[in-house]
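Working notes for the structure below.
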Amino acid sequence: MGDYILKRLATSLLVLFALATASFFIIHFVPGDPVRQMLGSSANPEMIEKTRHVLGLDQALPQQFAHFLFKTFTGDFGDSLSLGAPISSLIGNRVMPSVILIIYGVLIALVIGIPLAILSALRPQSVIDNAVLVMTTFTFAMPQFWLGLVLALVFGLFLNMFPVSGYEGGIGGILQTLTLPAFTLGLSLVAMVVRTLRARLLDVLGSEYIEAARARGLSEMRVVGKHAMRNAFMTTLTLLSVQIGFLIGGTVVIEHVFQIPGIGSLLLESILRRDYPLVEIIAVLSGAAVVLVGLLADLLLFILDPRVRMA
């Protein structure tokens, strides 16, 4: 197991280095001068050059890149160009709403998707199965911003059940302010959970060991819940870990629609201000979160699935 973990860690570090490199050069090749954006159109050339020198933007691009890598991998992120505050504190103040939103959305997707997948797999080609497939296709096809606006209109304005903007801490505040955004995020995942889990359950339920379990007189609930789900859920877990990157990207739209002060809204604000250091660090940290979730999913599969250990 130690060799497996070391190999996965080495691969993860290479991915992070590639991500940091791509983030740096893509941001620097975007048209626009961040110093002029920060100082405004009334700034004179002397002030612009002095500010560019203070920020290190007058250095050669390889030198800036080396400085960026050193700051990133040592945790010294520096200050925001547009806000003047330390990047670490800006991200620290915004990260919790986004993390809670993603976890809440994934839980909603699993709570809705797993029972629907089991119902579809136990009654393939039935009315229930067809209805579930149509419903999940419909939710998957809806754009997140449109779904968020519909949920805000129906449950926020018409029914007055939830606020349509803002964020509050605590269990009660989270349930009030993040339920609609989490449903917006989770419903886009339901189709993936249902379709992958249903397909895998259909394969597992037709296998010999499931027939043997039924022949021993085990109830259908125990056969599905204990024996079939343990093998079938492996594929869904793997795909769910891959979807974390899309969820992080989806929070940008959802946080903007519901005015949530999270990492997604901070990223959008920093892009509009051409705040290069802040955009780069957010991109690298988001990629690191995706890599970490993928690594944890691989380790969990290594522990639960003997076939992975044998391979």
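Just so you know, all these numbers are worked out from the coordinates, no wet-lab data involved. This is a predicted model, so every value here is computed, not measured. Positions of Cβ are generated from backbone atoms using ideal geometry, with glycine treated the same way; all protein chains shown enter the neighbour counts.
Over the stretch 87-276, what lengths in whole Å, largest first, do the semi-axes of the equivalent ellipsoid take, defined as the square roots of 5 times the eigenvalues of the alpha-carbon gyration tensor?
Equivalent-ellipsoid dimensions as semi-axes: 37, 18, 14 Å.
Tell me the Kirkwood hydrodynamic radius of the stretch 89-132 in angstroms, computed as one over the mean inverse distance between distinct C-alpha pairs.
Across the stretch 89-132, the inverse of the average 1/r is 12.6 Å.
So how far apart, in nm, are the two label points at LEU133 and ASP203 if each is 7 Å from Cα heading toward Cβ?
1.8 nm
Using only Cα atoms, find the angle between the long axis of helix 276-304 and the longest principal axis of the chain, and express it within 0 to 90 degrees, rounded to the nearest 10.
It is inclined by approximately 20 degrees.
Sketch the reach of a paramagnetic label on SER165 as a point 7 Å from Cα along Cα-to-Cβ, and name the residues of the stretch 259-292 whose backbone nitrogen lies under 15 Å away.
Only 259-262, 265 pass the distance filter.
Based only on the alpha carbon positions, what is the Kirkwood hydrodynamic radius of the stretch 145-216, in angstrom?
15.0 Å
What is the stretch 122-196's relative contact order, in percent, from Cα pairs under 8 angstrom and six or more apart in sequence?
Over the stretch 122-196, the number comes to 37 percent.
Which order do peptides 74-80, 279-285, 256-262 fall in by mean Cβ count within 10 Å, highest first?
Top to bottom by mean Cβ count within 10 Å: 279-285, 256-262, 74-80.
Rounded to the nearest 20 debye, what is the charge dipole size of the stretch 87-276 about its Cα centre when +1 sits on each Lys and Arg Cβ and -1 on each Asp and Glu Cβ?
About 360 debye.
How many angstrom lie between the Cα centre of the stretch 53-123 and the Cα centre of the stretch 178-232?
After rounding, the separation between the Cα centres reads 32 Å.
Of ALA288, MET135, GLN243, whose Cα points farthest to the positive end of the dipole of the chain (charges on the beta-carbon: +1 Lys, Arg; -1 Asp, Glu; origin at the Cα centre)?
In the chain, that residue is MET135.
Among 107-117, 15-25, what's the highest-first ranking by average C-beta atoms within 10 angstrom per residue?
Ranking the peptides 107-117, 15-25 by packing returns 107-117, 15-25.
Could you tell me the relative contact order of the chain? Use alpha-carbon pairs under 8 Å, at least six residues apart, and round to a whole percent.
Across the chain, relative contact order equals 26 percent.
Assuming R0 = 22 Å, can you tell me the calculated FRET efficiency for the pair HIS67 and ASN93, based on Cβ-Cβ distance, to the nearest 0.05?
The calculated FRET efficiency here is 0.30.
Looking only at the stretch 203-246, which residues have a backbone nitrogen under 16 Å from a spot 7 Å from the Cα of GLN125 in the C-beta direction?
In the stretch 203-246, the label zone of GLN125 (backbone N under 16 Å from the point 7 Å along Cα→Cβ) covers 203, 206.
With unit charges on the beta carbons (Lys and Arg positive, Asp and Glu negative) and the dipole taken about the Cα centre of the chain, which residue among ILE263, ALA232, ILE102 sits farthest to the positive side?
So the residue we want is ALA232.
Around ASP79, which amide H atoms from residues at least 5 apart in sequence, or from another chain, sit under 5 Å from its own amide H, with H modelled in the peptide plane?
Under 5 Å from the amide H of ASP79: ILE87.
Quick check on packing: order 130-138, 198-206 by the mean number of other C-beta atoms within 10 Å, highest mean leading.
Result, highest mean Cβ count within 10 Å first: 198-206, 130-138.
Grab the beta carbon distance between PHE155 and PHE246, set R0 = 30 Å, and tell me the FRET efficiency rounded to 0.05.
Result of the calculation: an efficiency of 0.80.
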